[in-house]
1. Among DSSP beta bridges whose residues both lie in the chain, state the antiparallel percentage, nearest 5.
2. Which whole-number value in Å² is the accessible area per residue of the chain, probe 1.4 Å?
3. Tell me the carbon and sulfur percent of the accessible area for the chain, rounded to whole percent, probe radius 1.4 Å.
4. Among ASP61, ASP72, ASP89, which one moves the most in a GNM of the chain with springs linking Cα atoms closer than 10 Å?
5. Quick one: net charge around VAL60, please, counting Lys, Arg +1 and Asp, Glu -1 for every other residue with C-beta under 15 Å from its C-beta.
Amino acid sequence: QVQLVESGGGLVQAGGSLRLSCAASGIIFSINTMGWYRQAPGKQRELVATITNGGNTDYVDSVRGRFTISRDNAKNTVYLQMNSLKPEDTAVYYCSLRGKRAIVAVWQNYWGQGTQVTVSS
């Protein structure tokens, strides 16, 4: 079983910063892309940022220049540094990874339980 555990969410004033972490545990043979998604109340879940195992990153336009995704492959951990936070960044943030549990296994998507980020104006 693969588990993803997020941490680092909380309440912050507009203009502030938070750093999210997501550690994967369990039997993992290989991890490809890791990413962060978010879901605000009444809205669909949206992709925030992704990072490949080669370190290539991509961001949704609304966070580009403010958020930075990174990963530590030795620790199976992905991070999201969020700066210049805005009230519209308020959401539950979920981490995700695409991985396989064995060399002969299929690639699967795994999800964390989510962590709340609230930005006050």
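1. Numbers: 41 of 46 bridges.
The antiparallel proportion sits near 90 percent.
2. Values: 6470 Å² over 121 residues.
That works out to 53 Å² per residue.
3. Working: 3100 of 6470 Å².
Exposed carbon and sulfur together represent 48 percent of the surface.
4. The residue that fluctuates most here is ASP61.
5. Numbers: positive: ARG38, LYS43, ARG45, ARG64, ARG66, LYS86; negative: GLU46, ASP58, ASP61, GLU88, ASP89.
Overall, the nearby charge balance is +1.
The values are calculated or read from the model by the stated rules, or taken from the named source; none is laboratory data. Being a predicted model, the structure only gives us computed values, none of them experimental. Please note: Cβ atoms are built from the backbone with ideal geometry, for glycine as well, and neighbour counts cover all protein chains shown. We work out accessible area using only protein heavy atoms, side chains counted, and drop any ligands, DNA or RNA first. Shrake-Rupley method; radii C 1.70, N 1.55, O 1.52, S 1.80 Å.
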